[in-house]
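A quick write-up on the structure given underneath.
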Amino acid sequence: MAIDIQAVKGTQDTLPRDSYKIRFLEQTIADIAIKYGFGEIRTPVFEYTELFSRSVGSTTDVVQKEMYTFEDRAGRSITLRPEGTAGAMRAFLEHGLYNEPMPQKVFYFTSCYRYEKPQAGRLREFHQFGAESFGTESPAADAEIIGLANEVFDFLGIKNLSLQLNSIGCPQCREKYHRALKDYFKIEQSELCGTCVDRLQKNPMRILDCKSPVCSQIAKDAPKMIDYLCEACNDHFDIVQKYLKEMCIEYEINPSIVRGLDYYTKTVFEFVSDEIGAQGTVCGGGRYDGLAEEIGGVHTPSLGFAMGMERLMLLIDAQNIELPREENCNLYIATTGEKASLKAAQIAADLRSEGVFVLFDVVGRSIKAQMKYAGKIGALYTVVIGDDEIKSGQAKLKNMETGDLQDIKVESIADDFSSIAMQDTVEKLSLDSNFDGIDLGSLLGGNL
Ligand code: HAM
C-alpha cells in the first residue's frame with residue numbers, strides 16, 4: 001500500500017528556492033548576536049519532560065495541552081522542546097557555566113514543537129532564534145537584550161513593529177496581585193473554561209493568556225500587575241525604560257503582556273506586527289530570575305527572548321524585503337562525447353578547488369538542451385567542449401549577459417577563466433556611473 005506523501009500537519013519543508021533566505025537570516029543574525037558578546041549554544045531537541053513542566057510551568061497551555069511527550073524505551077518521559085530557554089538554562093547549570101565570569105550570554109537557532117492549532121504563523125514545528133543572558137540582575141542587561149532584538153529588525157529593514165513592554169514583578173509583589181486576581185475572577189468563575197477554573201486556585205495569572213474567547217473577554221478588565229509592583233520592581237522597570245530612551249528605542253507600555261510561560265519575573269516584552277495576521281508576535285521575552293533555582297540550580301538572575309523565524313519570514317515577505325541570493329553558477333561547461341566530459345570534470349575540479357561555482361553536464365543532454373539549462377540556472381559564462389575543441393585545443397567562452405564570445409585554450413580554462421571573468425567585472429563596474437569607491441578587491445573576491 002502506498003504511503004501518504006504529505007508532511008505532518010503543522011510542519012513545513014524549506015526547499016532550495018527558499019532556503020537561501022533562512023541561511024542569510026541565520027548568518028546575519030548570528031553575526032549581530034556575536035557583536036553583542038553572545039556565543040552559540042546547541043542543545044538536544046528533546047529533554048526530560050520534567051524540565052519543561054518545572055520551568056515553563058505545569059499550569060501553562062504549553063505544558064497542559066501542547067507538548068509532544070512520549071516514553072522512551074526505558075520508560076522515561078521525554079518531551080520535544082517546546083521552546084529553547086529551559087534547555088539552555090539546563091546546559092548552563094549542568095556544565096557549571098556559573099563558575100565562569102558573568103553574564104554568560106548564549107544564542108541559538110532551534111526547532112521547537114507545540115501541538116497548537118495550525119494557522120498562518122502558527123506551526124507545530126517551528127524555529128526560533130533565541131538569546132539568553134545568564135547571571136545578571138542589572139536593568140542594563142534588560143535594555144541590552146531588547147537592543148539586540150531591535151537591531152536584528154533594524155538591520156533587516158523591518159518597519160512598523162511595535163515594542164510592547166511590561167513588568168510582571170517578582171514573587172513578593174505577585175502574592176498581592178494573585179489575591180486581587182482571584183477576587184476578580186471568582187465573581188465570573190461560572191463563565192470560565194474548565195482549565196481556568198483549575199488555574200484560579202493554582203495560578204490565576206495563567207487565566208490572562210487563556211485562548212478561549214470567553215476567558216479572554218473576562219480577562220480584559222482584570223487587575224494589572226503593573227499596579228501591584230513592589231518598590232524594587234518598580235525601580236527596575238523605570239531604569240530599563242531610562243536605558244531604552246537613551247538607546248533611542250521606542251516602546252509602549254502594555255500592562256496586558258503577561259507572556260504564556262511561567263518563569264518570567266519583572267521585565268517582559270514583545271515585538272508585535274499587525275501585518276502578518278492573528279499571530280503577530282514576532283519576538284517575545286523577558287527576565288526569569290527564579291528559573292535556575294526552580295529547576296534545582298544556583299540562583300542565577302537571567303533574561304532573554306526568542307524570535308519566531310517563520311513569523312520573521314512572513315514579515316519580510318509582507319514588507320517585500322529582498323534578501324540577497326547566493327551567487328549564480330559562474331561557469332557552465334557544455335560537453336559532447338566522453339573525452340570532452342572527462343576534460344570538463346577535470347576543469348571543474350580545478351576551478352572548484354579555487355572556490356569557483358562550476359557545473360557541467362551530468363545528465364547526458366544534447367548541447368542545445370545543455371545551453372538552455374545553463375540559461376535557466378543563470379550561469380554567468382558558458383563554454384562548449386566537443387570533439388572539435390578537444391582536437392583543436394581551442395574553445396569559445398561566452399559571457400551570457402553580453403553575449404560576447406572570446407577564445408580560450410581548453411588546456412588553460414582552469415587557469416584563465418577567473419582572470420577573464422574578473423576583467424569583465426572591472427569593465428562593467430567602470431561603465432556603471434553609480435560605481436564609486438567600492439572596495440573592488442573584496443567585491444571581486446566575493447564574486448568569483
Ligand atoms: P514564546 O513567546 O512562547 O517565548 O515564543 C517566542 C516566539 O516564538 C513567538 O514570539 C513566536 O514568534 C514564535 N512562536 C511561538 N509559538 C509558535 C508557533 N506555534 N508557530 C510559529 N512560531 C511560534 C518563548 O519561547 C521563550 N522561550 C522566549 C524567551 C527566551 N524568553 C526568555 N528567553
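Going by what's in this entry, would GLN27 be described as within 30 Å of GLU322 (Cα to Cα), not small (Gly, Ala, Ser) and not in a loop (DSSP other than H, G, I, E, B)? Reasoning before the result, please.
Working: within 30 Å of GLU322 (Cα to Cα): yes; not small (Gly, Ala, Ser): yes; not in a loop (DSSP other than H, G, I, E, B): yes.
Yes, satisfied.
How many residues does region 338-358 hold that are open to solvent by less than 60 Å² (accessible area, probe 1.4 Å) and more than 15 Å from VAL383 (Cβ to Cβ)? Break it down into steps so the answer makes sense when it comes.
First, pick out the residues of region 338-358 that are open to solvent by less than 60 Å² (accessible area, probe 1.4 Å): 340-341, 343-345, 347-349, 351, 355-356, 358.
This time we only want the ones that are more than 15 Å from VAL383 (Cβ to Cβ), so: 349, 355.
Residues flagged as open to solvent by less than 60 Å² (accessible area, probe 1.4 Å) and more than 15 Å from VAL383 (Cβ to Cβ) within region 338-358 amount to 2.
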(request) Please give the number of the condition LEU331 fails out of (1) open to solvent by 30 Å² or more (accessible area, probe 1.4 Å); (2) modelled with pLDDT of 95 or more. (result) (1)
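Would you call LEU244 within 14 Å of the ligand (Cβ to nearest atom), open to solvent by less than 10 Å² (accessible area, probe 1.4 Å) and hydrophobic (A, V, I, L, M, F, W, C)?
Numbers: within 14 Å of the ligand (Cβ to nearest atom): no; open to solvent by less than 10 Å² (accessible area, probe 1.4 Å): yes; hydrophobic (A, V, I, L, M, F, W, C): yes.
Here the answer is no, as LEU244 does not meet what is asked.
If I filter region 281-323 down to residues being part of a loop (DSSP other than H, G, I, E, B) and without any contact (Cβ under 8 Å) to a residue 12 or more places away in the chain, which single residue comes out as nearest to the ligand (Cβ to nearest atom)? Steps first, please.
Applying the first criterion (part of a loop (DSSP other than H, G, I, E, B)) to region 281-323 yields 288-290, 295-301, 319-323.
Still in the list and also without any contact (Cβ under 8 Å) to a residue 12 or more places away in the chain: 299, 320, 322.
Numbers: HIS299: 17, ASN320: 20, GLU322: 22 Å.
Among those that are part of a loop (DSSP other than H, G, I, E, B) and without any contact (Cβ under 8 Å) to a residue 12 or more places away in the chain, it is HIS299.
Pick from THR11, THR28: which is over 30 Å from GLY290 (Cβ atoms), in contact with a strand residue (DSSP E or B) (Cβ under 8 Å, 6 or more places away or on another chain), surrounded by 13 or more Cβ atoms within 10 Å (Cβ to Cβ) and of a type in the set (S, T, N, Q)?
Numbers: THR28 fails: in contact with a strand residue (DSSP E or B) (Cβ under 8 Å, 6 or more places away or on another chain).
When all the criteria are applied, what remains is THR11.
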(request) Determine which single condition THR43 fails, assuming it passes every other condition in (1) within 16 Å of the ligand (Cβ to nearest atom); (2) free of Cβ contacts under 8 Å to residues at least 60 places away in the same chain; (3) touching a helix residue (DSSP H, G or I) at 6+ places or on another chain (Cβ under 9 Å). (result) (2)
(request) Might you check whether a residue that is more than 10 Å from the ligand (Cβ to nearest atom), part of a loop (DSSP other than H, G, I, E, B) and touching a residue at least 40 places away in the same chain (Cβ under 8 Å) occurs anywhere in region 357-375? (result) no
(message) Conditions first: (1) in contact with a Leu (Cβ under 8 Å, 6 or more places away or on another chain); (2) open to solvent by less than 40 Å² (accessible area, probe 1.4 Å); (3) in a helix (DSSP H, G or I). THR195 passes all but one, so which condition is the exception?
(response) (1)
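The values are calculated or read from the model by the stated rules, or taken from the named source; none is laboratory data. The structure displayed is predicted, hence computed values, not measured ones. We place every Cβ from the backbone using ideal geometry, glycine too, and count neighbours over all the protein chains shown. For accessibility, only protein heavy atoms count, side chains too; no ligands or nucleic acids. Shrake-Rupley method; radii C 1.70, N 1.55, O 1.52, S 1.80 Å.
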